[in-house]
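A.B. asks: Encoded as structure tokens, here's the structure I'll be asking about.
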């Protein structure tokens with residue numbers, strides 16, 4: 001949607017995929033390779049444990065942090081502490097299963113080290129390391145993914161798999177970049193190892209990625225950049241827009257559970273991600289959230305937005321409807337431009353006339369009499385059940401749809417698994433026989449029968465309609481600014497405006513005289 005809008009307005013933009021050597025699976029392989037090099041630091045070992053331990057992210061972090069604490073106290077390396085912890089017969093922190101998994105990681109590292117000292121082919125070593133990865137299937141995926149058939153910035157269109165891309169990089173390095181320079185290289189070759197080649201390859205990749213990073217910064221200078229929070233780490237822009245900062249997105253709604261993980265570690269991780277996104281902005285940050293979804297359900301802004309200090313926040317609605325004090329004019333000519341940008345009675349009337357007919361039919365989707373029987377947080381669950389089955393032609397009759405919803409509820413209630421929305425389903429089932437339920441079913445069916453393009457258009461109109469109402473309410477509750485009052489006096493107005501909205505209407509009224 002954003003890309004389409006940029007194209008329509010001829011705004012230059014680029015889309016950044018994950019740089020190849022920043023992919024998790026490649027970072028894991030490179031970390032395993034680095035652990036075999038002399039003088040390897042703690043970073044690669046930490047990365048390997050995070051990759052190979054078969055636990056959730058929070059549990060992996062707990063294990064790694066415990067080992068780091070021990071290494072700090074003992075003033076020794078990470079891998080030395082890990083060896084002591086996991087090779088012990090008993091532990092006051094980890095159970096037998098965790099100790100066993102830790103030993104497996106240590107054994108894997110030892111096998112890789114022996115392989116590097118024995119195998120002369122770096123490509124063979126990388127292929128073997130790939131088989132150790134829990135998510136080795138990722139190596140078979142396409143290395144460079146393009147979007148809508150277009151080439152991603154800084155990346156070539158390529159159909160090679162991740163593994164093949166990496167192996168080709170090794171081949172190119174050996175043929176064009178690598179030349180034996182170390183005095184001990186011949187001895188290494190006689191021992192049928194490839195430690196020297198590996199060291200040179202790792203150094204080459206590190207330098208090349210630093211250069212690519214500098215090039216990426218340069219490419220971003222004169223265009224808008226579309227990227228994810230994870231991909232933006234290490235980058236900065238003067239102006240940043242964070243889109244869809246809603247409760248279901250930040251923190252993320254997990255598909256497998258249908259809810260937000262409320263654990264302290266999960267929430268803190270989501271909060272850190274938003275912090276990363278916010279700190280990408282050097283000058284100005286815009287945080288956007290959606291008011292309503294495609295099912296006409298009101299969406300809540302992210303809980304994290306409430307934690308931003310009020311004095312740092314500038315609430316901004318539709319720029320055509322309202323201007324904050326900071327944007328108010330400093331001169332009469334600027335005031336004229338402001339008046340053209342503010343809401344006019346005539347333009348508002350025309351806009352209302354255009355959408356009123358469509359909105360009248362859809363009126364009450366989020367405030368429907370039937371939905372008002374339930375809590376605000378439960379209305380989305382109820383609407384999803386109705387919309388899910390109203391899409392099917394077999395249930396595009398109000399009575400049949402209600403029967404199907406009742407049947408689905410009965411099935412879910414008889415399921416032995418714990419049902420977090422049991423109370424909602426019970427309340428919904430008891431309300432299905434009322435007239436309001438029948439009317440709601442009719443409206444849902446009518447909505448699903450509208451073509452998708454028309455639905456999108458109607459949704460946009462409704463969002464604009466509610467946004468206009470919100471902005472008007474905000475302006476009505478705010479006192480007029482001194483600049484608005486002074487400008488009205490210059491226009492010859494003797495009426496004292498009661499609010500910003502009243503002042504805006506008066507400006508338009510007196511300018512039209």
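Bear in mind these aren't lab numbers, they're just calculated from the coordinates by the rules spelled out. Bear in mind that the values here come from a model prediction, so they are computed numbers and not experimental data. Counting neighbours? That spans all protein chains shown, and the Cβs are built from the backbone with ideal geometry, glycine included.
A.B. asks: Run the quick spin-label model on residue 430 and residue 117: label points 7 Å from Cα toward the beta carbon, then report their separation in nm to one decimal.
C.D. replies: Inter-label distance under the simple model: 7.3 nm.
A.B. asks: Let me ask another. How many angstrom lie between the C-alpha centres of region 9-86 and region 394-416?
C.D. replies: 49 Å
A.B. asks: Then there's this: Taking just the alpha carbons, could you work out the radius of gyration and Dmax for region 378-457, both in angstroms?
C.D. replies: Cα only, region 378-457: 13.1, 42 Å (Rg, Dmax).
A.B. asks: Once Rh for region 42-115 is found with the Kirkwood sum over Cα pairs, what is the Stokes-Einstein diffusion coefficient at 4 °C and 1.567 mPa s, in µm²/s? Don't skip to the end; give the middle numbers.
C.D. replies: On the way: Rh = 12.3 Å.
D = 105 µm²/s.
A.B. asks: I want to check the label-to-label distance for residue 6 and residue 57. Put each point 7 Å from Cα in the C-beta direction and report it in nm to one decimal.
C.D. replies: Between residue 6 and residue 57, the simple spin-label model gives 2.5 nm.
A.B. asks: Follow-up. Can you tell me how region 411-452 classifies by the Cα gyration tensor, rounded, prolate or oblate, using a/c under 1.5 as the rounded cut?
C.D. replies: Cα axes put region 411-452 in the oblate bin.
A.B. asks: Starting with the highest mean, order 113-122, 160-169 by the number of other Cβ atoms within 10 Å, averaged over the residues of each peptide.
C.D. replies: For the peptides 113-122, 160-169, the packing ranking is 160-169, 113-122.
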